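A short worksheet on the structure shown next.
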Amino acid sequence: SSSAKKKKNMMMQLIDENGRLDEDACESFLHESGAIEWNRNYGVISIMGPQSSGKSTLLNQVFKTSFKEMDELSGRRQTTKGVWMAVASSSSSSS
């Protein structure tokens with residue numbers, strides 16, 4: 001359904017580049033994404049690395065998220081600042 005697809009593509013900046021947490025936006029994200037109801041049935045993935053090392057590209061390819069990626073044609077500049085979170089596609093396979 002489009003509602004389920006919308007939830008899978010949801011993302012938000014949890015902490016901005018100045019270290020500020022928007023608690024109201026976080027609370028809203030948790031409710032809108034349905035994460036507030038997951039209890040403890042979820043996984044957390046984090047990726048750290050130097051600027052322009054492919055972190056967003058990796059997350060987008062592996063987890064079908066939609067983090068902004070660098071465009072080589074517009075020059076090398078930082079695209080994702082701060083700490084972000086997203087709802088990624090889940091796998092129903094049991095392997």
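The values are calculated or read from the model by the stated rules, or taken from the named source; none is laboratory data. Every value quoted in this text rests on a predicted model; they were computed, and no experiment measured them. Note that we place each Cβ from the backbone using ideal geometry, even for glycine, and neighbour counts take in every protein chain shown. Only protein heavy atoms, including side chains, enter the accessible area calculation; ligands, DNA and RNA are left aside. Shrake-Rupley method; radii C 1.70, N 1.55, O 1.52, S 1.80 Å.
Structure notes:
- Computed from the C-beta positions of Ser66 and Arg40 and an R0 of 25 Å, the FRET efficiency is 0.45 to the nearest 0.05.
- The heavy atoms of Trp84 present about 90 square angstrom of accessible area, all protein chains included, probe 1.4 Å.
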